[in-house]
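The values are calculated or read from the model by the stated rules, or taken from the named source; none is laboratory data. On a predicted model such as this, the values are computed, not experimentally measured, just so you know. As a convention, Cβ positions derive from the backbone with ideal geometry for all residues, glycine included, and neighbour counts pool all protein chains shown.
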Amino acid sequence: MSNPCIICVAITGSLPTKANNPAVPITVSEQVESTHEAFEAGATIVHAHVRNDDQTPSSDPEKFARLKEGLQKHCPGMIIQFSTGGRSGAGQTRGGMLPLRPDMASLSVGSNNFPTRVYENPPDLVEWLASEMLAYGVKPEIEAFDLSHILKAKEMADRGLLAGTPYVQFVMGVKNAMPVDRDVFDYYIHTVQRLFGKDAPWCAAGIGQNQLTLNEWAIAAGGHARTGLEDNVRLDRDRLAPSNAALVRRVVEICERNSRPVATWQEARRILVLPQPVDAHEGAAA
Ligand SMILES: [Zn+2]
């Protein structure tokens, strides 16, 4: 199999703090530095949330703007994906950074349970977020916490609410949502290929110790992989991950074992049908 694997690094998230792992990047400058190291290790998508100085989640567009500027300067060509997830704010504040035109943004298209609460994604908010992404040329990554979310993406694409082929990420191992289940995983792939075509790209993320399992499953099955401290702060039971880059290197090793080349940012942009920036050149990140 020679299909290159896109590695996404979810650097910060909205939950882990320095008390969980001192390597979690919190300030914008820490985020840029951590992403740069992960980019050099092989990640080509950065999935980012922003934080307040006290580490609580933020949805401040000004912080997102500073992050985007730093990432473009230090990681030229890397695909920038902002989170519109629900922990950092309510309602339309979740999409307040979309006018900054990041390459991508995460989009949850349905509700489900999270460990201690309901992850609320009401239909009117989902449609508003999707229409903002269309208006600003932001490619959504559909976060599938459930099978119905993949079918919802198809329905939205058919209505013209999503541009191009939806890029679906299967999220498994969130407590009270979809557990890590191989049959379901295989059926997710089957469903994406049935609805969006045999060659439709997809990726997968596992939470906590499930991160490694989902990386292995996705890479072996021809999908793309997500890693990073947002989803998991440990290398194994006894060791904290020293950095986002260390988790990326672990994914690169799985790619090697499966004869999957790691996608360059140019390949990742081609696979995801994203524009190739004219001011970023190969090697410019050195
Ligand atoms: Zn996230």
Give the residue, chosen from 100, 71, that is farther than 15 Å from residue 226 by Cβ and in contact with a strand residue (DSSP E or B) (Cβ under 6 Å, 6 or more places away or on another chain).
71
Yes or no: segment 79-95 includes at least one residue that is touching an Asp or Glu at 6+ places or on another chain (Cβ under 7 Å), touching a residue at least 60 places away in the same chain (Cβ under 8 Å) and within 15 Å of residue 39 (Cβ to Cβ).
yes
Considering only residues that are more than 25 Å from residue 139 (Cβ to Cβ), within 16 Å of the ligand (Cβ to nearest atom) and in contact (Cβ under 8 Å) with a residue 40 or more places away in the chain, which ones fall in segment 22-57?
24
If I ask for residues that are surrounded by 22 or more Cβ atoms within 10 Å (Cβ to Cβ) and part of a helix (DSSP H, G or I), which ones from segment 126-163 would you list?
129, 130, 133, 149, 150, 153
Which one of these is more than 17 Å from the chain's Cα centre (by Cα) and either within 29 Å of residue 137 (Cα to Cα) or modelled with pLDDT under 95 (or both): 278, 248?
278
Among 176, 215, which is assigned to a loop (DSSP other than H, G, I, E, B) and modelled with pLDDT of 95 or more?
176
Only one of 200, 144, 157, 130 is more than 18 Å from the chain's Cα centre (by Cα) and either closer than 23 Å to residue 46 by Cα or modelled with pLDDT of 95 or more (or both), namely 157
Have a look at 132, 141 and point out the one that is among the acidic types (Asp, Glu) and within 15 Å of the ligand (Cβ to nearest atom).
141
Out of the residues in segment 11-25 that are touching a strand residue (DSSP E or B) at 6+ places or on another chain (Cβ under 7 Å) and surrounded by 21 or more Cβ atoms within 10 Å (Cβ to Cβ), which is farthest from residue 76 (Cα to Cα)?
12
So, in segment 104-116, how many residues would count as being over 8 Å from residue 84 (Cβ atoms) and within 16 Å of the ligand (Cβ to nearest atom)?
5
Residue 84 is checked against (1) within 16 Å of the ligand (Cβ to nearest atom); (2) assigned to a loop (DSSP other than H, G, I, E, B); (3) over 24 Å from residue 116 (Cβ atoms) and fails just one. What number does that condition carry?
(3)
Cβ contacts < 8 Å: first residue in contact (Cβ under 8 Å) with a residue 40 or more places away in the chain, restricted to segment 121-141; second residue in a helix (DSSP H, G or I) and among the acidic types (Asp, Glu), any location; separation 6+ or different chain. Result?
138/132
Suppose the filter is buried (at least 22 other Cβ atoms within 10 Å of the Cβ), aliphatic (A, V, I, L, M) and in contact (Cβ under 8 Å) with a residue 12 or more places away in the chain; does residue 65 pass it?
no
